[in-house]
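Undergrad: Quick one: the structure is below, and I'll ask about it shortly.
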Amino acid sequence: MDPAADAPAPVPPALRDAVLAWYDATGRELAFRATSDPYAVLVSELMAQQTQALRAAEAWTGWMDRFPSVEALAAAPVADVLRAWAGLGYNRRAVHLHRAAKVIVAEHGGRVPSSVAELEALPGVGPYTARAVAAIAFGQPVGAVDVNVKRVLGRMAAGGPEAFTPAAIQALADASVPVDRAGAWTHALMDVGQRVCRPRRPNCADCPAIAWCAYAAGVRPTSGPIDRPAARPRRPEPAFESTNRWLRGRIVQRARDATGWVPFVDGIGEHGPGAVRAAVVALSRDGLLEIRETPTGVEARLPR
């Protein structure tokens with residue numbers, strides 16, 4: 001079968017069984033993997049976006065103590081939510097999670113919805129997170145595809161993800177989910193990608209799928225299903241301290257550490273006063289800060 005077809009064959013059952021057996025024996029013991037509560041799973045998946053799993057698991061335990069239910073989160077002030085998010089970065093995720101909790105309470109009676117479509121309609125929930133929650137919390141046989149899962153399944157099936165269109169890789173992921181262990185399979189693929197099937201220098205010798213994997217057998221896609229322009233040379237990455245992301249993080253942290261209004265009239269690090277002011281205003285538009293003008297400049301605090 002052409003691996004770029006819209007409905008590729010699922011991975012062989014024997015491969016799937018081997019990956020699940022490997023996961024049962026060696027899977028990472030992360031705190032949030034001990035629950036299938038939909039709210040707890042939603043929190044863990046939003047935390048794990050762009051954050052290392054171990055770090056997210058540590059933060060998740062404290063979060064669940066502080067906000068044990070979707071109702072508790074929805075009723076909390078945004079400032080408390082942002083303070084509880086400290087250390088996880090990308091603070092907009094905290095605001096999205098808070099807004100999602102309010103939607104769940106207002107529109108779903110306090111129950112996290114089970115369908116992928118309803119989950120994707122929640123603030124901050126994209127296709128991967130919606131399918132991960134549906135699989136882990138509700139046992140639905142849907143494949144959660146992020147860059148790691150795309151790489152793992154693409155290598156297993158065709159030697160690399162370049163062989164598949166996005167629709168085909170999603171179809172492959174959906175078709176490969178075991179109907180009775182959707183959550184475990186979701187976690188297992190993430191562990192394979194994190195521990196052995198890495199982007200560079202994958203450790204095929206330790207992979208439970210080696211006997212069935214096209215990549216391990218030396219297969220490489222000669223071309224992708226879509227003609228792509230030649231890659232442009234990558235520019236050197238700027239120092240993190242010079243990025244807008246770094247500046248936004250420092251501003252929010254100052255507001256977290258304060259009990260009232262914080263003046264932002266001077267530069268921060270490599271960023272001058274004008275850049276600081278622009279970042280503060282942008283953070284207020286994103287719902288991360290409240291701001292007010294003063295004779296000397298702008299002041300900000302966490303939203304009340």
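Undergrad: Residues to consider are ALA214, ALA168; find the one that is at pLDDT 95 or above and closer than 30 Å to SER36 by Cβ.
TA: ALA168
Undergrad: Let me ask something additional. Identify the single condition in (1) under 19 Å from LEU54 (Cβ atoms); (2) assigned to a helix (DSSP H, G or I) that ALA167 does not satisfy, given that it satisfies every other one.
TA: Every condition holds for ALA167 apart from (1).
Undergrad: Here are some conditions: (1) at pLDDT 95 or above; (2) surrounded by 19 or more Cβ atoms within 10 Å (Cβ to Cβ); (3) under 28 Å from SER284 (Cα atoms). VAL105 meets all but one. Which one does it not meet?
TA: (2)
Undergrad: Then there is this: What's the total number of residues in the stretch 43-69 that are in a helix (DSSP H, G or I), closer than 26 Å to VAL145 by Cβ and of a type outside the set (Asp, Glu)?
TA: 13
Undergrad: Go through the stretch 277-304 residue by residue and tally those that are β-branched (Val, Ile, Thr), modelled with pLDDT of 90 or more and either closer than 14 Å to GLY249 by Cβ or not in a helix (DSSP H, G or I) (or both).
TA: 3
The values are calculated or read from the model by the stated rules, or taken from the named source; none is laboratory data. Quick caveat, the model's predicted, so the values are computed rather than measured. Note that each Cβ is placed from the backbone with ideal geometry, even for glycine, and that neighbours are counted across all protein chains shown.
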